[in-house]
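A.B. asks: Dropping the structure in here first, questions after.
Bear in mind these aren't lab numbers, they're just calculated from the coordinates by the rules spelled out. No experiment lies behind these values; they were computed from the predicted model shown. Here Cβ is always computed from backbone atoms with ideal geometry, including for glycine, and neighbour counts include all displayed protein chains.
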Amino acid sequence: MLRAFVTLAFVIIFNFFLFRMLPGDPIGLYARGRNQDPEQLVELRRALNKPLLEQFLTYLRNPFDSTIDSTRFSRPVWEMIGERVWPTLLLLGTAILLASLIGIWVGIRAGWKPGGRFDRMSTGTTLILYSMPEFWLGMMLLIVFSVGVFGIPGMFPVGGIASPGADTSSPMGWLNVLWHLVLPCTTLVLIYLADYALVMRASLIDERKQEYLTLARAKGLRDTSVRKRHAVPNALLPTVTLIFLSLGFVVTGAITVETVFSWPGLGLLTYEALRGPDIPLLQAIFLMFSIAVIAANLLAELLYVIFDPRVRS
Amino acid sequence: MTLLQFRDLWVDYSSSAGNVPAVRGVTLDVAAGETLGIAGESGCGKTTLASAVLRLLPENAQVRGEVLLDGVDTLTMKWGRLRAVRWSQAAIVFQGALHALNPVQRIGDQIAEPIRLHQTVPDKQIGARVGELLTQVGLPASRAKSYPHQLSGGQRQRVMIAMALACKPALIIADEPTTALDVMVQAQVLDLLTGLVRDLGTGPDRGMGMILISHDLGVLGTTCDRIAVMYAGQIIESGPALEIFDNPKHPYTRALAAAFPRIGDPAARYAPTGLPGDPPYPGDLPTGCAFHPRCPIAAPACKLGAPALIEVAPHRTAACYKVDQ
Amino acid sequence: MSVATARRRLALTRFANSFRHDQSGMTGVVILAIFIATAILAPILIPDAALDVTKADGGRFEGPSLSYPLGTDESGRSVLLLLAWGTRISLTVGIAATIISMVLGTAFGIAAGHFRGVGSHALVGVTDWFLVIPFLPLAIVLATVLGPSTTNLIIVIGITSWAGTARLIRAQTLSIEGRPYLERSKALGAGNWYQMSRHVLPNVFPLVLANTTLTVAIVILSETTLSFLGLGDPQAPSWGALLDRAFSSGAVSRGAWWYVLPPGICVVLVVLAFTLVGRAMERIVDPRRAS
C-alpha cells in the first residue's frame, strides 16, 4: 500500500520535472511543429515563467488539473482521456479475459506433461507468438481478413469501433461494435495468451515436484483429479498474480494495436499525441497509464491475500 | 497370512548419467498385523522400496520383480484396480507433513477425500467420520476447518496419521514419520501411531500391518516386531527386533546400533561409535560387498564377492562372510 | 597461465560442449549467424542507389517479381534490399541498447546486493519503480523529450529495460555474499570495489550472459515498437521503421502483404533465435531456474 503511494509520488514528480528540465525553450517543445493560438502561447509563457518551485506547488495541488489544453486538439486533456477510456476498457477487458482463459488452459495441458506432444507444439507456438510485434500481427490480420488477399474475402471492417452512422445504443449497434472488435481483440488475445501460457506452464511444472501430489496419487485419485483438485489451484495463484502484474505489458499492446485498427481508445490517443507531439496530452496519458498499472499491482497484492490462506491469516 | 511380499524387487532410476540402481533384489515379507521396521542411512533405498508398494515411483524408475499385496502383484495391476487398492488397502504416512499436505485446502477436506473416493462410509457420515479420526489422533474435531499452516509440526503429522487411518487399510507405510519433529514430539507421535495401529486392526485377533522406516535403530527396536536393515539397496540383515538391536550380526548393523545407544546403557558410553565415511553413491557402488570400504573387519575376500543373505540363527538372516554362526 | 584462467577456460569448454548438444540453442545460433552475416555484408552487397528514393526505378507497391523478389515499397524501392539494410540497423540498435541495459542492470544489481542500509533501499526502490512503470508510455515520454534519433532510441531503450536484470543480479549477489570466500576477503580487509569486481562479478557473470541474450530479444521488440510509432531516426530504416512506413503509406489497405510480411518475419526469427539461445544458456548455467 505504502509502496504504491511512493511509486505514484515519483511518477507525479518525474512527470513534472521531465518536461521542465530540458535545455532550450520549453515553449518550442510544447508547440513543436504547430501553429498555435498566440493567446494560448502567451498564457503558457506566463505560466512557465513563474519560479520552478511555485509551478511545482501549483502542479502538486492538483496534478490532474492541467491548465494547459491539448496543443493539438485545443481541449482540456483529462476530458479527452475520459472519453477515450471506455473503448480501451472494452478492448483490453475482452482480450485479457479470453487470453487468460485460453492461456491458462494451454499452460495446464502443456505443464502437466512437459516434453509431451502437446507441450512441444504449444511451447513452440507460444514462443513464436511471444517473439511477434503485436502491431505486425494486427497488420497481417487486417491484410488477410479485412482487405483480403489470395482469394480470401475481406470480411471484417478495416478499423474503427463502429460503422459510420451506426446507432451504438441499439442491439444492432452492439453487434456492429462486436464485429469491429473481432480483429483487434484476436490480435491482442494471441499475443497475451502466449505470455500467460508460458507463466502457467512454468508454475505448474514447479508444482509437479511437490509431495502433496504424490499423496493425492497415493489416495487413489485419478490423474485428472490430482491435476484439477490439487495441482492447478496451487499453480493458479502465482499465475493470476502475474497476469495482474503484467498490465504494463498489456498497455504496450493497447497503444500499437489501437493505432493499427484505428480503435478510438487511449492507445490511439497516445499515437495521435505523439504525432504532434502534443506534450500536455502525453504527460496526462503517461500519468493515466502509470496510475492504472500501479492500481493493478495493488489489486494483485489484495487478490493474493484473498486467495492464499497462508497470507490471509 | 502374508500381507505383503517383496519378491526379488529391483528398482533403477534412469538418468542422463546412466542407470542408477536404488533397490537391488529385495525379498521381504510382512505378516498381517505385524510391524516391520526398515533401518538404514539416507540413500539406502528404503523410501524407494516403500514407494514401490503402491507404484508411486517417479517416471524415470524401472521396476523388476513382484510386490504382492494380499497375494496380488501391484506392479502389474491395471490402473483402475491399482487406484482402488491405493489408500483403501495400504496407506502412507509421509515424512514431511508440511509438504505432503495441500497448502490451500482445509485439512478436513483432505482427510475426507479418500473416504469419499473409496466410499468406506456413506456420504452423509463423512463429516462425522473426519471428526472421529481427528479425535482419535488427539485433535478437536473443529480443527477440520484449519489450513495446514495453522497447525504445529506435531499436529500436522497427527493429521497425516488420521488421514492414513481414514479407510482402515490393512497396511500402513510410515516413511520416517517423525524425523521433521522435535525430539519430545517425536516420541509422542510415534507412540500415538503404534498404539492406533495396534488398536484399530480390521479383525478381532489382528491389528493393522505396518512398515516403519527410520534411520534410528533404537526407535525401531522398541516399536517393531521385526527389523530389516538395508544398505546400498539390499537387505543385509533381518530378524526379531530386540534380537537385532541387542545382538547385531552384521558389522553395519553393529555400527547403527552403536550410533543410537539405549539411554542409560553404560557400555555404550565407552564403546567407539559412528561409522567412518559416507554411504556409497548408488550409481557407483564398490565391488564385492558394498559395505567393505567402511567395514572395520573387512577381509580381502569382501572386495571380490558379494556375500548372500543366509540364515545365521533361527529367524535371523545376515549377509556377511565374517558373521559368527 | 594462472590457475584461475585455466579453471575459467575449462568451464568455457564444458559450457561449449553442453551447448552443442542443445538442439534449440543451436537452431538459434544458426539463425543468428545468417542475420549477422547479412548485417555485416549489407553495405557491400547493396548499392547506395537502391535505397535512394530519387533513384528508385521500380513501380509503386509492385508485387514480387524476378527483379524485385519481395516487391517494391511506396517509392518503388526493393523491399528485399530495404530489409537487408534494416537488419544492420535493428541489430545495431538492439545490441547497443542491450549493452547499456546490462551495464546499468549489473551495476545496480551488484551494488544493491552488496551494500547495506539506506543506499541499498534506495537502489531497490529505484529498480522497483522502473519495474512497475509501464514500459511503452515511459519510453514514449522520454523519446519525445529527447527527439527522434538512433542514438536517443538506444538511450531510451537502455534506460527503460535494465530493471529486470538488476533484480536478478541482486538476488544472485545476495546468495554469493554469504559464501565463505567473500567473508574471508572481507576479514582480510578487501575494499568494496575489490570484493564486487573480483568476487561477485565473476560469479554472477554466467547468469548475466544468459540474461543478456534474453534481453537482446526484448530490446529488439522494443526497438520495433518504438520505431513503428515514429520515435526512431527516419533516415535509418530499421525493421520497425519499415513497418511504420508501410502502415503510414497505406500498404495494408492495398493488400501489399510483401511489404508488411517480411519485416515481421525477420523480427520474429531474430527475437526467437535470441530467446532460444538465452534459454539454452540458462538451462546450462542455472538448471534450477530453467523450466
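A.B. asks: What are the ³J(HN,Hα) couplings of region A:284-297, residue after residue, when phi is run through the Karplus curve with 6.51, -1.76, 1.60 and θ = phi - 60°? Round to Hz, x for glycine and proline.
C.D. replies: Once rounded to whole Hz, the list reads 5, 5, 4, 4, 4, 5, 4, 4, 4, 5, 5, 4, 5, 4.
A.B. asks: Still on this structure, I have one more. Considering amide H positions built from the backbone, and no H for Pro or chain starts, which residues 5 or more places from A:Lys219, or on another chain, come under 5 Å of its amide H?
C.D. replies: none
A.B. asks: If you restrict to DSSP beta bridges whose two residues both lie in region B:78-234, what percentage is antiparallel, to the nearest 5?
C.D. replies: For region B:78-234, the DSSP antiparallel bridge percentage is about 10.
A.B. asks: Here's another thing I want to ask about it. Whole-Hz Karplus ³J(HN,Hα) for region C:243-257, in order, using 6.51 cos²θ - 1.76 cosθ + 1.60 and θ = phi - 60°, x for Gly and Pro?
C.D. replies: Karplus-based 3J(HN,Hα) across region C:243-257 equals 5, 4, 5, 4, 5, 5, 8, x, 4, 5, 5, 8, x, 7, 4 Hz.
A.B. asks: Now, a different point. Quick one: helix C:3-20 against the long Cα principal axis of chain C, what's the angle to the nearest 10°, folded into 0 to 90?
C.D. replies: So the helix axis and the longest Cα principal axis differ by about 40 degrees.
A.B. asks: Let me ask you something else. What residue among B:Met184, B:Met210, B:Met77 shows peak mean-square fluctuation when chain B is described by a Gaussian network model with Cα springs under 10 Å?
C.D. replies: B:Met184
A.B. asks: Another question, then. To the nearest 0.05, how large is the calculated FRET efficiency for B:Ser16 and B:Ala308 if R₀ is 30 Å and r is the Cβ-Cβ distance?
C.D. replies: 0.35
A.B. asks: At a Förster radius of 51 Å, what calculated FRET efficiency corresponds to the Cβ-Cβ distance of B:Ala259 and A:Asp223, to the nearest 0.05?
C.D. replies: Computed FRET efficiency for B:Ala259 and A:Asp223: 0.80.
A.B. asks: Something else about it: Which residues' amide hydrogens lie under 5 Å from the amide hydrogen of B:Ala32, considering only partners 5 or more residues apart or on another chain, with H built in the peptide plane?
C.D. replies: HN-HN under 5 Å from B:Ala32: B:Leu3.
A.B. asks: How long are the three semi-axes of the equivalent ellipsoid for region A:96-245, computed from the Cα gyration tensor as the root of 5 times each eigenvalue, in whole Å, largest first?
C.D. replies: Semi-axis lengths for region A:96-245 are 38, 18, 12 Å.
A.B. asks: Right, next: Through the Karplus equation 6.51 cos²θ - 1.76 cosθ + 1.60, θ set to phi - 60°, convert the phi angles of region C:37-42 into ³J(HN,Hα) values in whole Hz; use x for Gly and Pro.
C.D. replies: Per-residue couplings from phi come out as 4, 4, 4, 6, 7, 3 Hz.
A.B. asks: As a test, work out the antiparallel percent of DSSP beta bridges whose residues both lie in the protein assembly as shown, rounded to the nearest 5.
C.D. replies: Roughly 65 percent of the beta bridges in the protein assembly as shown run antiparallel, per DSSP.
A.B. asks: Taking the Cα of A:Ile128, stepping 7 Å toward and past its beta carbon, and measuring to each backbone N in region A:180-206: which are under 15 Å?
C.D. replies: Those under the cut-off are A:190-191, A:194.
A.B. asks: Could you work out the longest stretch of chain C that avoids the trypsin sites (Lys or Arg not before Pro) located in DSSP loops with at most 10 other Cβ atoms within 10 Å?
C.D. replies: With trypsin sites (Lys or Arg not before Pro) excluded where exposed in loops, chain C gives C:117-287 as its longest stretch.
A.B. asks: Further question: Given H placed 1.01 Å from N in the peptide plane, which residues other than close sequence neighbours of A:Trp263 have an amide H under 5 Å from its amide H?
C.D. replies: Amide H neighbours of A:Trp263, under 5 Å, 5+ apart: A:Gly160.
A.B. asks: Would you mind calculating the gained length between C:Met26 and C:Leu174 on full extension (0.36 nm times residue separation, minus the Cα-Cα distance), in nm to one decimal?
C.D. replies: So the extension gain works out to 50.0 nm.
A.B. asks: Quick one: among B:Lys124, B:Lys168, B:Lys46, which has the greatest mean-square fluctuation in a GNM of chain B with alpha-carbon springs under 10 angstrom?
C.D. replies: Judging by the Gaussian network model, the answer is B:Lys124.
A.B. asks: Quickly estimate the mean residue ellipticity at 222 nm for the protein assembly as shown, helices only: each DSSP H run with n ≥ 4 gives -39500 (n - 2.57), and the total goes over all residues, rounded to 500.
C.D. replies: My calculation for the protein assembly as shown gives -18500 deg cm²/dmol from helical runs alone.
A.B. asks: Taking the Cα centre of region A:200-262 as the origin and placing charges on Cβ (Lys, Arg +1; Asp, Glu -1), which of A:Leu221, A:Leu237, A:Ile255 is farthest toward the positive end of the dipole?
C.D. replies: In region A:200-262, that residue is A:Leu221.
A.B. asks: So, one more: Could you sort out which of A:Lys219/B:Lys46; B:Lys249/B:Lys322; A:Lys113/A:Lys228; A:Lys219/B:Lys124; A:Lys209/B:Lys78 sit more than 18 Å apart by Cα distance in this structure?
C.D. replies: Over 18 Å apart, Cα to Cα: A:Lys219/B:Lys46; A:Lys219/B:Lys124; A:Lys209/B:Lys78.
A.B. asks: Calculated FRET efficiency, A:Leu101 and B:Thr179, Cβ-Cβ r, R0 35 Å, to nearest 0.05?
C.D. replies: 0.20
A.B. asks: Now for a separate question. In terms of the ratio Rg/(2.2 N^0.38 Å) built on C-alpha atoms, what value belongs to the protein assembly as shown?
C.D. replies: In units of the 2.2 N^0.38 Å rule of thumb, it is 1.18.
A.B. asks: So how far apart, in nm, are the two label points at B:Glu132 and B:Lys322 if each is 7 Å from Cα heading toward Cβ?
C.D. replies: About 5.6 nm, to one decimal.
A.B. asks: So how tilted is helix B:107-118 from the main axis of chain B? Cα-based, degrees 0 to 90, rounded to 10.
C.D. replies: The answer is roughly 90 degrees.
A.B. asks: Further question on the same structure: Rank C:Ile31, C:Ile44, C:Ile95 by mean-square fluctuation in a GNM of chain C with C-alpha springs under 10 angstrom and give only the top-ranked residue.
C.D. replies: C:Ile44
A.B. asks: Given a cut-off of under 8 Å on Cα pairs at least six residues apart, what relative contact order in percent is computed for chain C?
C.D. replies: 25 percent
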